[in-house]
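Contents: one structure, followed by commentary.
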Amino acid sequence: MERTIVVTGGAGFIGSNFVLQRVAAGDRVVNLDKLTYAGNLGNLASLKGNPRHIFVQGGIEDSSRVRRLLEEHRPQAVVNLAAESHVDRSIVSPEEFIQTNVVGTFRLLHESLAYYRKLDAEAQRDFRFLHVSTDEVYGSLSAADAAFTEEKAYEPNSPYSASKAASDHLVRAYQHTHGLPTLTTNCSNNYGPYQFPEKLIPLVILNALNGRPLPIYGDGMNVRDWLYVGDHCEAIAQVLDKGRVGESYNIGGESEKANLDVVRTICSIMDEAHPAGAPHEKLITFVKDRPGHDRRYAVDTSKIKRELGWRPRESFATGIRRTVEWYLANPEWIAEVTSGEYRRWISANYEARECRA
Ligand code: NAD
Ligand code: DAU
């Protein structure tokens, strides 16, 4: 039987990759997205006219909109990807992070519980609320520390990660207190097609292509684990199908890298693909650090591997090559997303760091 999933934030980077993957797998997806600067229906252009994708513009904080949508479409699952997601923006304008990530997740949970309570016993047994969170809620590691396990106490350091931590706690409370069948995933840094170029990897690809500075915060030795977005979406689907209710699952790419190494790898792929600009490394520019910049994230993924049999398919070497090739092959998508709001953000963030194109 065809399954209906409500996906929130399905016009964003991970959300649109997840929607494309689920529709291809045969699910019917009701996509609730507010279409902020980060939402882009162009990511879903290939689903135009497909009856298995229903797009609804609206915010997760709009309780009556969410209520009507749940009653009308009768989903078997809600997957919450809607969020304000950029750490640098949360430092300069945190208000939206609280409204969407905290208040919005709370209202989505509350309406989902009301809907769940009216289901019959069989439908209640099958229903799931899956919340997509981040490894950033666990805090920052030093080089010698062991990777984050699901038992690690939360120590969020940025307004973004604090708002995600708050939403995770609300999810936990709705499961513990009210019995809503929830699942939480905590993933590392995603990269791949359709990522808005405010984040490190697409920003560096686009700047390299245009001969602009490649801004590296601080000393460039902050470490992130890099997860190819397609692998992440498969992991979410497996947690939805087989995860244990009330549990959280770490998801990572087994690819810890210092930022400077990530940027150098992109430069060497660009040297081959775009020899006119070589060597692209000459564009590397060290700029003022991000306040409170977490030094290192690393996730221990043994739980999801052991319990669900998931593991990433892409290595960083294969995933980053696919990603650079995707951006080079999609100039129209780039032109569309790098207009108005994008330009405003780039000049506000980088001119303050004294890095000008
Ligand atoms: P994104 O910023 O690319 O997309 C967010 C989407 O949510 C956009 O389409 C936007 O329009 C929508 N949205 C924002 N506020 C909304 C609201 N109030 N109601 C409905 N829709 C709203 O984000 P992303 O990178 O795709 O991240 C998706 C989720 O994954 C987020 O919860 C984020 O915290 C989490 N996450 C992301 C990463 C990463 O590396 N990108 C890593 C770990 C966790
Ligand atoms: O760890 C998961 C998190 O990964 C997600 O929860 C967030 O939603 C997502 O945005 C991402 O957060 P980061 O802050 O790690 O991603 P970002 O791409 O902004 O930065 C990656 C690293 O690169 C980080 O150490 C900061 C650095 N950086 C970033 C930018 C934009 C630079 O050195 N220069 C830059 O211009």
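The values are calculated or read from the model by the stated rules, or taken from the named source; none is laboratory data. What you see is a predicted model, and the numbers here were worked out from it, not measured in a lab. Cβ atoms come from the backbone with ideal geometry, glycine included; neighbour counts cover every protein chain shown. Remember, those area values only see protein heavy atoms, side chains included, never the ligands or the DNA or RNA. Shrake-Rupley method; radii C 1.70, N 1.55, O 1.52, S 1.80 Å.
Can you say whether Ile346 is open to solvent by 40 Å² or more (accessible area, probe 1.4 Å), assigned to a helix (DSSP H, G or I) and on the phi < 0 side of the Ramachandran plot, as far as the supplied structure shows?
Yes; evaluated as a whole, the condition is true for this residue.
Kindly indicate the residue of region 157-180 that is buried (at least 20 other Cβ atoms within 10 Å of the Cβ) and not in a helix (DSSP H, G or I) and also nearest to ligand 1 (Cβ to nearest atom) among those meeting that condition.
Ser158
Report, by residue number, each residue of region 253-278 that is within 12 Å of Trp226 (Cβ to Cβ) and among the polar types (S, T, N, Q).
Once the filter is applied, which keeps residues that are within 12 Å of Trp226 (Cβ to Cβ) and among the polar types (S, T, N, Q), region 253-278 yields Ser255, Asn259, Thr265.
Have a look at Leu47, Leu35 and point out the one that is under 27 Å from Arg343 (Cα atoms), touching a strand residue (DSSP E or B) at 6+ places or on another chain (Cβ under 8 Å), open to solvent by less than 60 Å² (accessible area, probe 1.4 Å) and not small (Gly, Ala, Ser).
The conditions single out Leu35.
Being in a loop (DSSP other than H, G, I, E, B) and either farther than 30 Å from Val245 by Cα or at pLDDT 90 or above (or both) narrows it down to one of Arg313, Arg306, so name that one.
Arg313
Hey, does region 322-329 have a residue that's assigned to a loop (DSSP other than H, G, I, E, B), closer than 30 Å to Ile91 by Cβ and open to solvent by 20 Å² or more (accessible area, probe 1.4 Å)?
No, that holds for no residue.
Looking at Arg212, Arg244 in this structure, which one is closer than 30 Å to Asn80 by Cα and open to solvent by 10 Å² or more (accessible area, probe 1.4 Å)?
Within the list Arg212, Arg244, the selection yields Arg244.
Hey, could you check region 190-199 for residues that are under 19 Å from Asp294 (Cα atoms) and buried (at least 22 other Cβ atoms within 10 Å of the Cβ) and say which is nearest to ligand 1 (Cβ to nearest atom)?
That would be Asn190.
Mind telling me which of the residues Ile60, Ile98, Ile5 ends up being in contact (Cβ under 8 Å) with a residue 24 or more places away in the chain, touching a helix residue (DSSP H, G or I) at 6+ places or on another chain (Cβ under 8 Å), within 16 Å of ligand 2 (Cβ to nearest atom) and not charged (D, E, K, R)? Give the derivation first.
Values: Ile60 fails: within 16 Å of ligand 2 (Cβ to nearest atom); Ile5 fails: within 16 Å of ligand 2 (Cβ to nearest atom).
Only one candidate passes the filter, namely Ile98.
Can you find, within region 120-144, the residue that is farthest from Arg107 (Cα to Cα) among those that are open to solvent by 70 Å² or more (accessible area, probe 1.4 Å) and away from ligand 2 (no atom under 15 Å from the Cβ)?
Filtering region 120-144 for residues that are open to solvent by 70 Å² or more (accessible area, probe 1.4 Å) and away from ligand 2 (no atom under 15 Å from the Cβ), the one farthest from Arg107 (Cα to Cα) comes out as Ala144.
When region 266-302 is examined, which residues are found to be β-branched (Val, Ile, Thr) and either open to solvent by 50 Å² or more (accessible area, probe 1.4 Å) or assigned to a strand (DSSP E or B) (or both)?
Ile284, Thr285, Val287, Val299
Any chance region 251-259 includes a residue that's in a helix (DSSP H, G or I) and open to solvent by less than 30 Å² (accessible area, probe 1.4 Å)?
yes
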